[in-house]
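Below is one structure; the comments refer to it alone.
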C-alpha cells in the first residue's frame, strides 16, 4: 500500500472524529436541560471517545502497513 494512501486514511479518520465532535458538542450544548457542569462532563467524555477512535484508526493503519523485517 502506498504511503500517501495510508496518510489519507489517517487524515480522514482524524477529521471525521473532529467533525463528529463538533456536531455532537453543538447538539449537547444547544439542547437539553443539563447544567453547565454536566454538559462539560458529557463533552469531555465525547471528545475522549472520539480521540480514542482516531488513535485506533491511526494505530491500526500503522500496524497493518509497517515494514516487517525478514530474518
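Of all residues in segment 13-29, how many are under 23 Å from residue 65 (Cβ atoms) and surrounded by 12 or more Cβ atoms within 10 Å (Cβ to Cβ)? Talk me through it step by step, then tell me what you get.
Taking segment 13-29 and keeping what is under 23 Å from residue 65 (Cβ atoms), we get 13-18.
After this cut, where a residue has to be surrounded by 12 or more Cβ atoms within 10 Å (Cβ to Cβ) as well, the list is 13-14, 16-18.
The total comes to 5.
Would you mind finding the one in 52, 28 that is in contact with a helix residue (DSSP H, G or I) (Cβ under 7 Å, 6 or more places away or on another chain) and without any contact (Cβ under 8 Å) to a residue 24 or more places away in the chain?
28
Spot the failing condition for residue 40; the list is (1) surrounded by 14 or more Cβ atoms within 10 Å (Cβ to Cβ); (2) without any contact (Cβ under 8 Å) to a residue 12 or more places away in the chain, and only one is missed.
(1)
Report whether or not residue 44 is outside any helix (DSSP H, G or I), at negative phi and at pLDDT 80 or above. Let's see the steps before the verdict.
Working: outside any helix (DSSP H, G or I): no; at negative phi: yes; at pLDDT 80 or above: yes.
When the stated conditions are applied, residue 44 does not pass them.
The values are calculated or read from the model by the stated rules, or taken from the named source; none is laboratory data. This one's a predicted model, so the numbers in the text were calculated from it and none came from an experiment. Cβ coordinates were reconstructed from backbone atoms using ideal geometry, including for glycine residues, and neighbour counts include every protein chain displayed.
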